[in-house]
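The values are calculated or read from the model by the stated rules, or taken from the named source; none is laboratory data. Because the structure is a prediction, the values reported are computed rather than measured. With ideal geometry, Cβ positions are generated from the backbone for all residues, glycine too; neighbour counts draw on all protein chains shown.
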């Protein structure tokens, strides 16, 4: 598979929007509450969206490994740093400046969730931890969404090792390894080898989320076969397939209600992963869905998805502290939505794209030097 799958970018964009809607609903809970247990949850499922991000990353990062081209680890790391880390640093600098400039209001009457942010003095040590990113630290102080980037960067650095096994082993064996990693991660909740300082940022949590990257890599490995199998389904079976995916993707609150045992997050994440895989198969296997996802509105969301994810909560916290009590909360949400798209477009155009281009140029220079060195050796 050589062409870029624009549909997957669009899926990522829609997921980023659902994270933002989910954060709105952390302030204004949905009413009636039974809707939380329906497939409508796909509209605001923030944690589910992160699982989608991880599986898509596994899918996309694995593609070059299947092409059989030579692999240079340093070049790979450079591209990942300039793709993820540089835009992240700019967003965190913005979060630091804004949090220092804006007067913190008492928002406890609105939501304990929103009131907890920017409530504590920012220490130099915490800033350094944010800069280093990959270690276990308190991720909820400035921009809580960054917990997933901690995991993304860690797993990205390990991904070539993961791909060695995915390429060599059968898919059933890989699934067994993924299950084993999640179980080992779960065991930490009992033995407490590594307590998570931030939100799901322990090193044992990383083992669990590696499973999601494995799912994506396996899906990419077998994508042509899976697309063929999907295309051979009857219309009614495709509908059932899609509805099943929606149900799996929306299962989190149901699992928490009917299976309130310790560590049920592993069960729910695996079920959610099934829903994510269903969506990916439909996005690239259905001509109709693919055509819709290639519409400019959706591809734009895909292009802006990383910046939407990085900036929306910073903007929401800032605007809520500035205008709560003076503006209706839903108007604050609208301003957050508009502000997020404006800032995200500027970030994508002037930070993300230039950063990615620099990363690609540096990696190509390094690859040429390594090739010259090998020829002369």
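Quick look at the numbers
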| item | result |
| --- | --- |
| Qualifying residue in the range 34-42 (condition: under 15 Å from the mean Cα position of the chain (by Cα) and at pLDDT 90 or above) | yes |
| Residues (farther than 21 Å from residue 248 by Cα and part of a helix (DSSP H, G or I)) located in the range 26-49 | 26, 27 |
| Total residues in the range 224-255, condition within 24 Å of the chain's Cα centre (by Cα) and more than 12 Å from residue 282 (Cβ to Cβ) | 8 |
| Residues within the range 1-40 that are crowded, with 24+ Cβ neighbours inside 10 Å and out of contact with any helix residue (DSSP H, G or I) (no Cβ under 7 Å at 6 or more places or on another chain), tallied | 0 |
| Pairs, first more than 19 Å from residue 204 (Cα to Cα) in the range 168-185, second assigned to a helix (DSSP H, G or I) and at pLDDT 95 or above, C-beta under 7 Å, six or more apart | 171/218 |
| Sole exception among (1) surrounded by fewer than 20 Cβ atoms within 10 Å (Cβ to Cβ); (2) under 23 Å from the mean Cα position of the chain (by Cα) for residue 54, by number | (1) |
| Single match in 223, 184 (criterion: over 30 Å from residue 36 (Cβ atoms) and surrounded by 19 or more Cβ atoms within 10 Å (Cβ to Cβ)) | 223 |
| Subset tally (residues that are under 30 Å from residue 134 (Cβ atoms), touching a residue at least 40 places away in the same chain (Cβ under 8 Å) and not in a helix (DSSP H, G or I)) for the range 193-250 | 8 |
| Residue match in the range 168-187 (condition: in contact with a helix residue (DSSP H, G or I) (Cβ under 8 Å, 6 or more places away or on another chain) and within 25 Å of residue 306 (Cβ to Cβ)) | no |
| Answer from 322, 338, 334, 346 - the residue that is in contact with a helix residue (DSSP H, G or I) (Cβ under 9 Å, 6 or more places away or on another chain), within 26 Å of residue 147 (Cα to Cα) and at pLDDT 95 or above | 346 |
